[in-house]
Amino acid sequence: MSFNFSQKTAVSTKELFRQAEFDNILKCVHCGLCLDSCPTYRELDDEKDSPRGRLYIMRGLWEGELELEPSVIEPLSRCLDCRACESACPSGVPYGELLEKTRGIILENTPQSLKEKFLRRVLFKGLFRSDKLLITASWILKIYSASGLPKLITKTIVGNFLPKSFVFQQHLLPECSGKSFKRKYADEILPPFLPPEIEVIDSQIQKKNLRVAMFSGCIMDVSETAVHESTLTLLRHIGCEVVVPGNQGCCGALHVHSGDRKTAQEFALKNLAAFEPRHLDAIITNAAGCGAQLQEYHHLFSETNPESETGGKSAENWISFENKIVDVLEFLSRFPELLEKLSWRNDEDTVLYDAPCHLMHAQKVDENPRKLLNNLPGVRLVPLNESNWCCGSAGIYNIVQPELSGAVLNRKIESLRKTLVSNPKATTIVTGNPGCLYQIRAGIRSNNIDIRIIHPVVYLAERLKKNGI
Ligand code: SF4
Ligand code: SF4
C-alpha cells in the first residue's frame, strides 16, 4: 500500500505507521548503548528524551498502543535529529529515517497553532520556494546588519530590555550578500585552472577533466559568499570543470526535519530535474545538512508508491543521483596528488576542528576531511574536545527550542574553552555546515571569545597562494 502524505482521514495511528513502512523499528533491541551519545538525554536525564525512549514511543505508535497526544509528541519534538545515536548503535537502527517519518505523520494528523501555520506558509512554502524572495530577504538582512542595530542590541544596554532569545538571534544572523551565487554563474561551464589531462582512446584524443556541479542551497545561496566562491576556486584548481545549475533549489532538509515531507518531495523532484541531465561525475555540496538530505531523497518516496506520488521517478533515478552527492572536503581528499602540486602557504598555524553531525553521523564522513586539513603545509589540526557532539543548531531547533538548544551550545562553548587552554595560539575554528557555523559563531560572540569560525573550504582557499599552481 502507498503512503499518501496528504491523507487526513479517520485512519488509526497504527494504520498510518504501517503505511509509512516502519518495520526497521524492530532492529532496536533496547540495549541502551546509544544513550550516552545523546545530547538531550545528557541535558534532561530522562529516558523519554533518549534515543531508546523515543524509539519506544515510536514503536508504541506503530503498534497502536499510543496515540498522537502532546505527552507523546513532545519528547519527539525535543530530538535534535543529530543522529549521534545512529553512530553509536550496533544494530543499525535508522533512527533519523524513523524520526522524520514520524514527524511527517504528526504534522499531517495533529492540529497546528495559527502561528505555526502562518510561519510554515510564509517560510517553508513561501521563502524557500522563491529565489526572488530569498534574494530580497538577503538584501533586507544585509541592510539591517549594516544599520548597526544588531550591534546596538547585543553590545549595549538596549539588549537588557529585550527578550534574551531575540538578543541571541542577532548573533545568529548570517552574513547576507544580497546576491544569488547560482544566478551569478547560472549554467556557465567554468573551466579548470589546470590544463586538462589527455588520454588517447581508439586513436581519439580525449580530455580527462571531471565535470562536477555545485549545489548552492537556499540560505547559503544568498549568504556567506566566501564558502561557495572558495569551493569553486578549489574545484577548478584540482582540474574540475564546474557547473552551477540555475534551476536548482532548496534541498528540503529543514522541511523534512519539521515533518513537511510534501514540500521536500517537491524540492527533490526539482533538484533531480536540475542535475540529472548534465552528465556529471559528481554533485558537490559544502553544507553537511544539505548533503545528507540530498543523499537520502529516496526516503521521501516509498518504493510501493504509485507513479503519481514520485513524479514518475524510479528507485534507480534516486540511487544514481544520490551516489553522485559528495561533500566538498571528502571530494578534495580523493585527490591528494593534485592537492600536493598546488602552491600552499607554509606558515605555522593551529586550527580547531568541529565535526558537523550531518557530516559525521549521517554522511559517515569524518577522517578524510581532518586528514586533508592536517596535511596542509604548516597546519596542525586539533579537533575540539567533544568535536563530534551537536552544537544545538539542528536546522531551526535553536529558534523553536531555544532553551535546550542554548544548553547544548553552552556545552560546545565549554569544550571550546577547554581546547583553547591547551592550544592558546589557535585563532580559527573550522566547521563544514552553515547551521553549525552560525550557531557556534553566535556562541563565540555572545561569550566574547576571541576566535573566528569559518568553513574549512574558506580556510583552504586562504592557504592557497595567489595563483595556487
Ligand atoms: S537504537 Fe541501537 S543502541 Fe539504541 S537502544 Fe536501540 S539497538 Fe540499542
Ligand atoms: S538524534 Fe540526537 S538528540 Fe535525537 S535521540 Fe538521537 S542522539 Fe538524541
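The values are calculated or read from the model by the stated rules, or taken from the named source; none is laboratory data. Because the structure is a prediction, the values reported are computed rather than measured. As a convention, Cβ positions derive from the backbone with ideal geometry for all residues, glycine included, and neighbour counts pool all protein chains shown.
Values for this structure:
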read-out: Residue that is nearest to ligand 2 (Cβ to nearest atom) [pool: residues in segment 40-81 that are in contact with a Cys (Cβ under 8 Å, 6 or more places away or on another chain) and in a loop (DSSP other than H, G, I, E, B)]; value: Leu80
read-out: Conditions (1) surrounded by fewer than 20 Cβ atoms within 10 Å (Cβ to Cβ); (2) over 24 Å from Pro336 (Cβ atoms): number failed by Asp281; value: (2)
read-out: Residue ID - nearest to ligand 2 (Cβ to nearest atom), chosen from residues in segment 18-34 that are within 27 Å of the chain's Cα centre (by Cα) and hydrophobic (A, V, I, L, M, F, W, C); value: Cys34
read-out: Residue among Ser387, Ser343 that is farther than 28 Å from Leu44 by Cβ, in contact (Cβ under 8 Å) with a residue 24 or more places away in the chain and among the small types (Gly, Ala, Ser); value: Ser343
read-out: Unique residue being within 24 Å of the chain's Cα centre (by Cα) and within 8 Å of ligand 2 (Cβ to nearest atom) when the list is Ser87, Ser37; value: Ser37
read-out: Hits in segment 389-404 (condition: surrounded by fewer than 18 Cβ atoms within 10 Å (Cβ to Cβ) and not in a helix (DSSP H, G or I)); value: Ile396
read-out: Condition broken by Asn433, with the remaining ones in (1) crowded, with 19+ Cβ neighbours inside 10 Å; (2) touching a helix residue (DSSP H, G or I) at 6+ places or on another chain (Cβ under 8 Å); (3) more than 30 Å from Arg120 (Cα to Cα) satisfied; value: (3)
read-out: Options Gly104, Gly60, Gly53, Gly92: the member that is surrounded by fewer than 14 Cβ atoms within 10 Å (Cβ to Cβ) and not assigned by TED's automatic domain parsing to the domain that holds Phe301; value: Gly92
read-out: Output for segment 16-30, where each listed residue is in a helix (DSSP H, G or I), more than 14 Å from ligand 1 (Cβ to nearest atom), surrounded by fewer than 22 Cβ atoms within 10 Å (Cβ to Cβ) and in contact (Cβ under 8 Å) with a residue 40 or more places away in the chain; value: Arg18
read-out: Any hit, segment 107-123, residues being out of contact with any strand residue (DSSP E or B) (no Cβ under 7 Å at 6 or more places or on another chain) and within 16 Å of ligand 2 (Cβ to nearest atom); value: no
read-out: Residue count, segment 440-469 (criterion: hydrophobic (A, V, I, L, M, F, W, C), out of contact with any helix residue (DSSP H, G or I) (no Cβ under 7 Å at 6 or more places or on another chain) and in a helix (DSSP H, G or I)); value: 1
read-out: Any chance Leu33 is on the phi < 0 side of the Ramachandran plot and either outside any loop (DSSP other than H, G, I, E, B) or more than 10 Å from ligand 1 (Cβ to nearest atom) (or both); value: no
read-out: Checking Pro75 against (1) within 16 Å of ligand 1 (Cβ to nearest atom); (2) under 23 Å from Cys290 (Cα atoms), the condition it does not meet; value: (2)
read-out: Number of positions in segment 90-106 that are assigned to a helix (DSSP H, G or I) and either within 12 Å of ligand 2 (Cβ to nearest atom) or touching a strand residue (DSSP E or B) at 6+ places or on another chain (Cβ under 7 Å) (or both); value: 8
read-out: Flag if Val365 is within 23 Å of His237 (Cβ to Cβ), touching a strand residue (DSSP E or B) at 6+ places or on another chain (Cβ under 8 Å) and not acidic (Asp, Glu); value: yes
